[in-house]
Structures are given as structure tokens and as C-alpha cells.
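As C-alpha cells, the structure follows; a few thoughts come after it.
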Amino acid sequence: MSQPKRKEETVGREMTGDEALAYVLKEIGVKRVFTSNSIPDFLRERLVQYGLEIDISLSVRDALELADAFARDSGDAGVVISAPGSSLLEGSGIVAQAFSDSVPLLMIGTLRSYRDVGKARVGELRSPDDVSGSLSPFIKFKERVISIEEITVTVEKGYKEALSNRARPALVEIAEELFRLKAYPLSTAEQKPERKTPDKNTVAKVAEVMGNSKLPVIVAGYGVRASNASPQLLELAELLDAPVITTFRAKGVFPASHPLYAGEGLGAFSTDIASKLMIEADSILVLGSRLPQLSTAGWSMKYKGFLMHNNVDGEDIGKVVMPQLPIVADTGLFLKELITTLKQKIKENVKRDVRSEIASGRRIFTMKPHSELWPYDITRLLQQFRFSRYFVDLSAPTLDLVRLPVESPVWNTSESILEKGIGVAGVLQSNDPGALGITDLAGILKNVGLVQQRAEKAKGTVLILNDGGATYLDTFKSDIPSIGKSGTFVDVDEFLERSVGAITVDTYGGLKDSLERKDSKLKVINVKIDPDYDSIVLLKP
């Protein structure tokens, strides 16, 4: 390959394609790369040479699962290298869920060749466009590199795009011929992720409405977590003495113990006090949420107040409800601007009677007498323990866990539920003994191989809420999700004990003993759930 005309625009020395890739990943701040055991040894050695941690799985699907959990947990982009790039299609469901959930992934896939295609090479599809074409609905950026000079700037751009505004997966394809050739890669441009700034006039209108409200209510969505705006949310709520309700996925962005916290969920899935406050509020500010089906119980929430809806993606505003005031902006930047504007009008924090109303409205959920374990029994037990982070696959038997009090933004889950694996992969990638993963039978069976690969080195706890597959999250009968009965029951206790070393428990005391037991390695607990359980969140079928 020829050297660019202006050598001052390059990194200053000649590199092979594999070195250019390792160089740019280090330059943009990537510290960890997820890949499979099919990565070429020379590329693996080059990444190590540049100080990158390489997380190797047996399949690209597993690598994508771990990278997705890493991105949800850290807020940074999960970087996956797939050789060949066609293996990325193994995890298309994971990529689709990351796209829906606004999770940043940078996928770097190799093309077998860009010059003489169609020779039926191992791992080669019909045409070079097939991988990117198949993933196109689930990626916000895709670009192909056919010269070493472009590797650095293209990977940097993909990384930036994955993290900019509404974070989502990005794809960069690199022709494998480049790994054997030399050229002068272009210098990186030190591009930073973009954040959409709020319109000042819109901020002023929001400040006027909320400053003059008798009872403003804040609904906090995942955008608060994504923009690292929990401190600003707390400051705004205390400034206005405004109650805060979170979506299921945003649990932890506001401390559960705070006197202004009214619970999680809207509509039929909300707490009693949250429903009351939503109806009584004269202004409602929705922050960083699409108002998804699960958190809103099929969009069943009732309200009368002036609705203001913030989201970084303007396409998501107005799809569920039509706000009187749309606010298209990064949630964190909007909150900072709003607080600044409000402080010019309000010199001291507002005082209302709402804190005492929330306190009196809080209650312990009660259930009818039962002898076997129900999901809420586990939720109550877990309140006696403190975990540093939570990874949850939401489903019918796990949904009651959204009532678990969480004090900081360490709760990771999905409300699109296109794939299950967060509860397993989250714990495995964290290397944190204080991490808790919660999944159901389908979630563990789909990821047995991943657990087996990591069991010796992993730390933390995975709870399997095992109802034998007897129930599912039913969204067919109504928009409001309910417990569906599958009509089947699968007994895999022996298999789980043998394959992943699971400890099977079927009593409250047995589960408590297992949780209290100190273990330096991964702890997998198979919790037997009564298939005829009642849920404190879901409606009965």
C-alpha cells in the first residue's frame, strides 16, 4: 500500500494492519476486548503487546453477551472482535437488544477478502455486504476499511458513534489482506462522543412550569443512568421537593431510601403512592425514557397534569403519549441547564407535605398464605443482603425483583427482552464477588456453556428462579403483561447441579443459608419456585 502524500497526517511510522488496529484501540482508551478462540494468534499477540486485556470465549455469541453486559455495567462501549465477521450473526439477537436498549457496542469484524470474493472461503458469505446488510437494522454506524491508512480513523469514528447521543451498536469491517501489508495509518482526530444540548427556550419553559407547580412529579428513565445524571436528578428533586418515580430499568438512579422516592413502574404496575401522585400532579417531567410497555404496564398510566417529555432521540417522543412540551436533548445536559435556570428563580429548596404523604403511602406487599417459595419471598430475603451490582433477566418469575430497594445506579436489565443472558453474563464479566445475577430457567439453560467456561475464575452469585418453565410473560391477551401458563414443567435440577455446580434449594431458610455461605468462586443457586405463585407486580392470567 502506498504512503499518504502528507506524512505529517499519519502516526509517523509504518505499520501492518493488525498493529494499526491495536494501536487505535489503545489510543481511544479501550482497555478490554471481547473475542472468540478463533482470533488469529498474531492479532491476539499484537493486542497484548499494546496492553489490551483480551477476554476469549468459545463463540462470538458468548463474546457479544459478555461485551453487552460490560457496556451496561460500565457505560463504556463493549468492543468485540470477530474473525471472520460472519460469526457476528451468531449473536444478532444480542445486537438487536443492545440497539433497542441503547447499549454501546463496537463490533470489529474481518472480511475474508475485499478483492476476490465469492471463492467459498471458510466463514465467507455470498457477498461482502451480507454481514453488514443482515445487521443493518440494529446498528447506527457501519463502515468498511480497505486500506491500512483508514483503520485508525474508521475505528475511532465507530467508537465515537457507538457512544454518541443515543448509544447503540456500531460495526467496522476490516479486510484480512490488510493484516499482512504495511502502510502509514492516519493519525486519530481525538474525536469525543457527541451529546445533544438542550434548547434554552425549552429549558426556560420547563423551569417556569415546574417552578410554579403545586405538585410536580418526575419520572426517571434509563437516560438518567446513561448520561450519568443521578446527582442532578437528586438535586432537582430536592430543589423542588418533587416525588420521583423510576422505570424498571432505571432502578437505582434515585436512592430507594430517599423520602421523595415513590417507587418504580407506572400504571397497573406502579406502587399505590406513585399512581396517586401521577393523578394529582399538575406537571410531570419524564426524563430519558421511551415509556416502554413493561414499565408502564401496557401504557396504562393515568395522569392529568402538564406533560413534559425529555429524550435524546426525538423519534421516541410522542409515540406513547403526546406531551405538551417535547425536550430533545441529552438528559444530563438538560438537567444541568434546568437546575441552573431554576436556581435563578428559587433561592431556597421548596417545602411541601409530599414527603410525609409518600412515607405514609409506602407499604409492605402482602401475599396470601403459601408453603412453597414465591418470587416475592426471594425479594424480601435479598433485602437483608447488600450486593454491589445487579444483573437481571426480566421474566414472569423474576419480575417481582423490581421491588428490591436499590440505592445507586448499579441495576442492569432489559425491558425489550429480546435475549436472555444479562443475569449470567453480567456476573461472569464483572469479576466482582459482590455481584448478583438473577435469571430464570431459560436464561441459565441458554448460557450453560458460558458458565462452564468461566466457573473456575468467576466470582459473584447467580440465582436461578426455577419454576420448571411453567410460566411466561404473557403479552398476547392484553397490552398489560401478565403471567402466562405454559402447560409444561421441566425438571433439570440434576443437570444444573452436574453442569454448573448449582446448589438446589426449595425453602426460605435454605436460600438464606446458601446466600450467607462465603465462597471465593462463582456461586450458582437453583431456587425452586412454586409454579402456581402469585406476583405482586404482574396481573393474574
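The values are calculated or read from the model by the stated rules, or taken from the named source; none is laboratory data. All of these numbers come straight from a predicted model, not from anything done at the bench. Note that each Cβ is placed from the backbone with ideal geometry, even for glycine, and that neighbours are counted across all protein chains shown. The accessibility values were calculated without ligands, DNA or RNA, using every heavy atom of the protein model including side chains. Shrake-Rupley method; radii C 1.70, N 1.55, O 1.52, S 1.80 Å.
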Item checked: C-alpha long axis of helix 60-74 to longest principal axis of the chain, angle in ° -> 50
Check: In terms of modelled amide H atoms, which long-range or inter-chain residues lie less than 5 Å from the amide H of L394?
Finding: S414
Checklist line | Label-point separation in nm, D479 to E194, each point 7 Å along Cα→Cβ | finding: 3.3
Check: How would you classify the chain from its alpha-carbon gyration tensor, with a ≥ b ≥ c the square roots of the eigenvalues: rounded for a/c under 1.5, else prolate if a/b is greater than b/c, otherwise oblate?
Finding: oblate
Notebook entry, point to check: Among residues other than E19 whose Cβ falls under 14 Å from its Cβ, what is the net charge (Lys/Arg +1, Asp/Glu -1)?
Noted result: +1
Note to self: Checking the a/c ratio against 1.5 first, then a/b against b/c, what shape does the Cα gyration tensor give for segment 32-179?
What the structure shows: rounded
Item checked: Percent accessible area from carbon and sulfur atoms, the chain, protein chains only, probe 1.4 Å -> 49
Check: Among 512-521, 248-257, what's the highest-first ranking by average C-beta atoms within 10 angstrom per residue?
Finding: 248-257, 512-521
Check: Around L58, with a cut-off of 13 angstrom between Cβ atoms, what is the net charge of the other residues, counting Lys and Arg +1 and Asp and Glu -1?
Finding: -2
Margin query: Which log10 I(q)/I(0) values does segment 341-491 give at q = 0.09 Å⁻¹ under the Debye formula, counting every alpha carbon as one identical point scatterer?
Written below: -0.39
Margin query: I need the phi-derived Karplus couplings for segment 453-469: 6.51 cos²θ - 1.76 cosθ + 1.60, θ = phi - 60°, integer Hz, Gly and Pro marked x.
Written below: 5, 10, 4, 6, 9, 6, 10, x, 10, 10, 9, 9, 7, 9, 9, x, x
Item checked: Modelled FRET efficiency - R0 22 Å, A204 with E238, Cβ distances, 0.05 increments -> 0.55
Margin query: Strictly over 20 Å apart at the Cα level, which of K26/K336; K302/K351; K200/K276; K446/K528; K485/K528; K140/K160 would you flag in this model?
Written below: K26/K336; K302/K351; K200/K276
Item checked: Peptides 385-398, 18-31 ordered by average Cβ neighbours within 10 Å, highest first -> 385-398, 18-31
Item checked: Mean residue ellipticity (222 nm) of the chain, computed from DSSP H runs ≥ 4 via -39,500 (n - 2.57), nearest 500 -> -9500 deg cm²/dmol
Check: In what sequence, highest mean first, do 350-358, 403-411, 420-428, 298-306 appear when ranked by Cβ atoms within 10 angstrom?
Finding: 420-428, 403-411, 298-306, 350-358
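Could you provide, to the nearest whole Å², the per residue accessible area of the chain with probe 1.4 Å?
Using a 1.4 Å probe on heavy atoms only, each residue of the chain averages 40 Å².
Which shape class, rounded, prolate or oblate, goes with segment 230-370 when its Cα gyration tensor gives a ≥ b ≥ c as root eigenvalues, a/c under 1.5 marks rounded, and past that a/b bigger than b/c marks prolate?
Values: a/c = 1.81, a/b = 1.19, b/c = 1.52.
Oblate.
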